Amino acid sequence: MHDIALGSLTYEDRYALIVGSVTPRPIALVTTLNSDGSCNAAPFSSFNYMSVDPPLVAIGIERYGDDSHRAGDLKDTLVNLERSGEFVVNMVDHPLLEQAVGCAIDYPANVSETVAQGLEVASSRRVQTPRLAKSPISLECRLFDVLGYSKSQSIVLGEIVSIHFSEGLLDLEKIRVNLDAYFPMCRLTGPNYAESTVRTRLRTKQYSKAGVSHG
């Protein structure tokens, strides 16, 4: 068994070990509005829901790395959402995966990834930022807070104000997601992805003074 102290590693090695260990991770294309009104789309796997009351999602956003032609610059997503106070988290399924990966290209700030990658946008209900028309589920968010905890990274908290579901994904009677029709992609490490098709159903047991019972 091996143990590695992260404090002794370079940024790149810490990143590789963390993202290689914390898997699978959900993938989202986050849309924001550029200053000229065009739509920016960027993929993130450093994100998840954090709270239900209030309903919050968190996104970890780094600056552009040393290998980018924009090294050290803030990511357009962060610039845009701080200016507008809103964004949309669009979940990624297999039909969207290739375009989502394409949106990781560090285009200049004046280039719209939705145009460059041929992504169709649609109007959101409660924010001005458009959602992606082909995304299975889109979370409309208003900016809740930005935690600038280092010079190179920030954590964005967004309050979910509305959720859009593609046809067949929402059971309106039960107010539940139809998992039989929802197969989001997940990120492993590097250029490796997986589809959530193999599933196990296992109920959590409940504890009471009378003993443990199934929930």
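Remark: the range 198-209, residue by residue, has Karplus-estimated 3J(HN,Hα) of 8, 10, 10, 9, 8, 6, 6, 7, 10, 9, 8, 4 Hz, where x stands for each Gly or Pro and the curve is 6.51 cos²θ - 1.76 cosθ + 1.60 at θ = phi - 60°. Normalised by the number of residues in the chain, the mean separation of alpha-carbon contacts (under 8 Å, six or more apart) gives a relative contact order of 21 percent. Accessible surface area normalised per residue over the chain is 61 Å², counting heavy atoms of protein chains with a 1.4 Å rolling probe. What the Cβ-Cβ distance of SER8 and LYS174 gives, at R0 = 41 Å and to the nearest 0.05, is a FRET efficiency of 0.20. Under the rule a/c < 1.5 gives rounded, and otherwise a/b versus b/c splits prolate from oblate, where does the range 15-141 land using the Cα gyration tensor? The shape class here is rounded. Each Lys or Arg adds one and each Asp or Glu subtracts one; over the other residues with Cβ under 15 Å from the Cβ of GLY37, this totals -3. Among the protein heavy atoms, those of GLU140 account for about 0 Å² of accessible surface (1.4 Å probe, every chain in place). Only protein atoms count toward the accessible area here, which uses a 1.4 Å probe; on the chain, the carbon and sulfur part of that area reaches 54 percent. Of the residues ASN40, ASN48, ASN90, the one that moves most in a GNM of the chain with alpha-carbon contacts below 10 Å is ASN48.
Kirkwood hydrodynamic radius of the range 123-164, from the reciprocal of the average inverse Cα-Cα distance over all distinct pairs: 11.6 Å. Which residue fluctuates the most in the chain, going by a Gaussian network model with Cα springs under 10 Å, if the choices are ARG187, ARG126, ARG25? Answer for the Gaussian network model of the chain: ARG126. Could you tell me the relative contact order of the range 90-180? Use alpha-carbon pairs under 8 Å, at least six residues apart, and round to a whole percent. Relative contact order for the range 90-180 comes out at 21 percent.
Under a Gaussian network description of the chain, with springs only between Cα atoms under 10 Å, the residue in SER84, SER21, SER152 that fluctuates furthest is SER21. If you average the alpha carbon positions of the range 141-189 and of the range 88-126, how far apart do those two centres end up, in angstrom? Distance between centres, Cα-based: 15 Å. For the range 3-105, averaging the sequence separation of C-alpha pairs within contact (under 8 Å, six or more residues apart) and dividing by the residue count gives a relative contact order of 28 percent.
If you add up the charges near PRO108, with Lys and Arg at +1 and Asp and Glu at -1, over every other residue whose beta carbon is less than 14 angstrom from its beta carbon, what do you get? After counting each charged neighbour, the total is -3.
Around ASP145, under 12 Å between beta carbons, what's the net of Lys plus Arg minus Asp minus Glu among the other residues? That works out to -1.
Across all directions, the shadow cast by the convex hull of the chain built on its C-alpha atoms averages 15.7 square nanometres.
Remark: the range 20-36, residue by residue, has Karplus-estimated 3J(HN,Hα) of x, 9, 8, 9, x, 10, x, 10, 9, 9, 8, 9, 9, 9, 5, 4, 8 Hz, where x stands for each Gly or Pro and the curve is 6.51 cos²θ - 1.76 cosθ + 1.60 at θ = phi - 60°.
The values are calculated or read from the model by the stated rules, or taken from the named source; none is laboratory data. All values derive from a computational prediction rather than experimental measurement. Positions of Cβ are backbone-derived with ideal geometry, glycine not excepted, and every protein chain shown enters the neighbour counts. Each accessible area value is taken on the protein alone, full model and side chains, heavy atoms only, with ligands, DNA and RNA left out. Shrake-Rupley method; radii C 1.70, N 1.55, O 1.52, S 1.80 Å.
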